[in-house]
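Structure first, commentary second.
The values are calculated or read from the model by the stated rules, or taken from the named source; none is laboratory data. Predicted model, so just to flag it, every value in this text is computed and none were measured. No Cβ is skipped: glycine too gets one built from the backbone with ideal geometry, and neighbour counts run over all protein chains shown. Keep in mind that these areas ignore ligands, DNA and RNA; they rest on the heavy atoms of the full protein, side chains included. Shrake-Rupley method; radii C 1.70, N 1.55, O 1.52, S 1.80 Å.
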Amino acid sequence: MKKESETKVQFSIASDEQDQLIERKRAKGKEFAYEQFKYQWETFPKLHQVPPFPLNVDIESCSSCNLRCDHCFRQYMDMGKEGLMDYELYKKIVAECGKNKLFTLKFSMRGEPTLHPKIVDMVAYAKEQGVKEVWINTHGGNLTEKMARGFCEAKLDWLTVSFDGLGEMYESIRKPLKYHENLERLKMMSRMRTELHPDMILNVQSIWTAIQDNPQEYIDTMRPWVDRVAYNAEMNFKEITLVPDDDFVCPRLWQRLAICSNGDYLKCPSDFEKEEVMGNANTMTLKDAWDVLQGKQREMHARGYKKLSDVCQKCHHGCRKVPKTVEIDGRTSNSYNYVFKKEYTGAGLNRTKVKILGQNPA
């Protein structure tokens, strides 16, 4: 029997009070839909039960980025031709999402969403079409007061800022951003949110090795400004030395669909080099892509043929993991490290260290 595994890569170090606040914010005004979404997200992949429409659509408003982050796959892979999503194509996609009562539309994937000049309009249009939760992942370096105000007025539901470490550690990873400048942008976004749209969830995330030496200082710096502080399991893209777990069945195929800036459908956001394009939104509806194209991927995984996919064999989510327990902020956080064939110490300043992250396979 194949092992059912979670692809959870982010671990909250929020307080109990913060966790409860986030739950209330996510559910506010859509309590029944949120409970249904949570149940389907957590349960359907285990039962191999397919919802009638994706629970989450990952959308790439922009496939380029204006940073050169030391830990990012973009520095070590060929992204091919990059560009912005055509706004009319976006509206076509989102109108279908609204018609099918999509819960979460997430702007993320391979580029920086805020580089699209119409990103605020995109958020507003998704909310107008009835998408329950609109989410942006950003490095935060492009945030301006105008954009922050626009997000608030458009009723953005969730903003995650990737903020890896403090001071010199941050600057060694998030090149060429400056720590104090981007911290001020985060504070500005927080103040604007509090004034105009307090229901927005503001989240910061860091890779673990960037804060492992000073986690409490990181929490104390971020907590006054955000609803949630989290860290991510470390991924090594400079040298992909993973140990694949052939028994892994990816739950993403029962949860989400990914769409690139040119409309290409991917089975998940981790196909960074677009090696397995399934179809295109210009010629095929999301519903058909979900039922037919993603259906083939679900069947392949359920029958144990995942190893035939080069993309899946290189994916961190489907590799072997070892449990990790972290004592942080007076709480115990249970997470994991990925298993690498070679020692990996982390990104930025951590590349000079000799400490082992993860462990060598037996």
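By its C-alpha gyration tensor, with a ≥ b ≥ c as the square roots of the eigenvalues, how is the stretch 297-354 shaped: rounded for a/c under 1.5, else prolate for a/b larger than b/c, else oblate?
Oblate is the answer for the stretch 297-354, as a/c is 1.5 or above yet b/c matches or exceeds a/b.
Return the loop-located trypsin sites (Lys or Arg not before Pro) in the stretch 24-131 (DSSP other than H, G, I, E, B) with at most 16 other Cβ atoms within 10 Å of their own Cβ; answer none if there are none.
Passing sites in the stretch 24-131 are LYS28, LYS30, ARG68, LYS81, LYS101, LYS118.
Using the crude model of +1 on Lys and Arg Cβ and -1 on Asp and Glu Cβ, and no other charge, please compute the dipole size for the stretch 141-229 relative to its Cα centre, in debye to 20.
That gives the stretch 141-229 a dipole magnitude of about 280 debye.
Near LYS314, which aspartates and glutamates are there with a Cα under 12 Å away, not counting those fewer than 8 places off in the same chain?
Within the straight-line limit of under 12 Å, LYS314 reaches these aspartates and glutamates: GLU239, ASP245, ASP246, ASP271, GLU273, GLU275.
Between LYS314, LYS324, LYS274, find the one with the highest GNM mean-square fluctuation for the chain; connect C-alpha pairs within less than 10 Å.
LYS324
Which aspartates and glutamates does LYS91 reach when only Cα atoms under 14 Å apart count, and residues fewer than 8 places away in its own chain are ignored?
GLU60, ASP121, GLU128
Once the whole set of protein chains is in place, how much accessible area is left on ASP329, using a 1.4 Å probe, in Å² to the nearest 10?
50 Å²
Using Cα pairs closer than 8 Å and at least 6 residues apart in sequence, work out the relative contact order for the stretch 205-329, in percent.
Relative contact order, the stretch 205-329: 29 percent.
Between the stretch 246-277 and the stretch 80-108, what's the alpha-carbon centroid distance in Å?
15 Å
Express the carbon and sulfur contribution to the solvent-accessible surface of the chain as a percent, rounded to the nearest whole number, probe 1.4 angstrom.
C and S fraction of accessible area: 50 percent.
Comparing GLU88, GLU239, GLU133, which has the greatest mean-square fluctuation in the GNM of the chain with Cα pairs linked when under 10 Å apart?
GLU88
Compute a Gaussian network model of the chain, connecting alpha carbons closer than 10 Å, and tell me which residue from TYR90, TYR344, TYR305 fluctuates the most.
Comparing TYR90, TYR344, TYR305 in the GNM, the peak value goes to TYR305.
Any of LYS30/LYS106; LYS274/LYS296; LYS155/LYS287; LYS38/LYS187 with alpha carbons more than 24 Å apart? Name them for me.
Violating the 24 Å limit, Cα to Cα: LYS155/LYS287; LYS38/LYS187.
DSSP beta bridges in the chain, what fraction antiparallel, as a percent rounded to 5?
Expressed as a percentage, antiparallel bridges in the chain total about 40.
First check a/c for the stretch 121-264, with a ≥ b ≥ c the square roots of the eigenvalues of its C-alpha gyration tensor; if it is under 1.5, answer rounded, and if not, answer prolate when a/b is larger than b/c or oblate otherwise.
Because a/c hits 1.5 or more and a/b fails to exceed b/c, the stretch 121-264 counts as oblate.
Sum -39500 (n - 2.57) across every DSSP H segment of at least 4 residues in the chain, then divide by the residue count to get the 222 nm mean residue ellipticity, nearest 500.
-9000 deg cm²/dmol
Place a +1 charge on the Cβ of each Lys and Arg in the chain and a -1 charge on the Cβ of each Asp and Glu, then give the dipole magnitude about the Cα centre in debye, rounded to the nearest 20.
It comes to approximately 440 debye.
Which of the residue pairs LYS25/LYS132; LYS46/LYS267; LYS99/LYS267 have a Cα-Cα distance greater than 20 Å in the structure shown?
Those over the limit are LYS99/LYS267.
Determine how large the accessible area of ASP220 is when every protein chain is in place; take a 1.4 Å probe and give Å² rounded to the nearest 10.
Here the accessible area works out near 100 Å².
With θ taken as phi - 60° and the coefficients 6.51, -1.76 and 1.60, list the Karplus ³J(HN,Hα) couplings across the stretch 122-135 in order, rounded to whole Hz; mark glycine and proline as x.
So the J values, rounded to whole Hz, are 5, 4, 4, 5, 4, 5, 5, 7, x, 4, 5, 9, 10, 10.
Rounded, prolate or oblate: which one fits the chain, using the alpha carbon gyration tensor with axes a ≥ b ≥ c (rounded when a/c is under 1.5, else prolate when a/b beats b/c, else oblate)?
Rounded, since a/c falls under 1.5.
Rounded to the nearest 10 Å², what accessible area does LEU183 have for a 1.4 Å probe in the complete protein model?
Roll a 1.4 Å probe over it and LEU183 shows about 10 Å².
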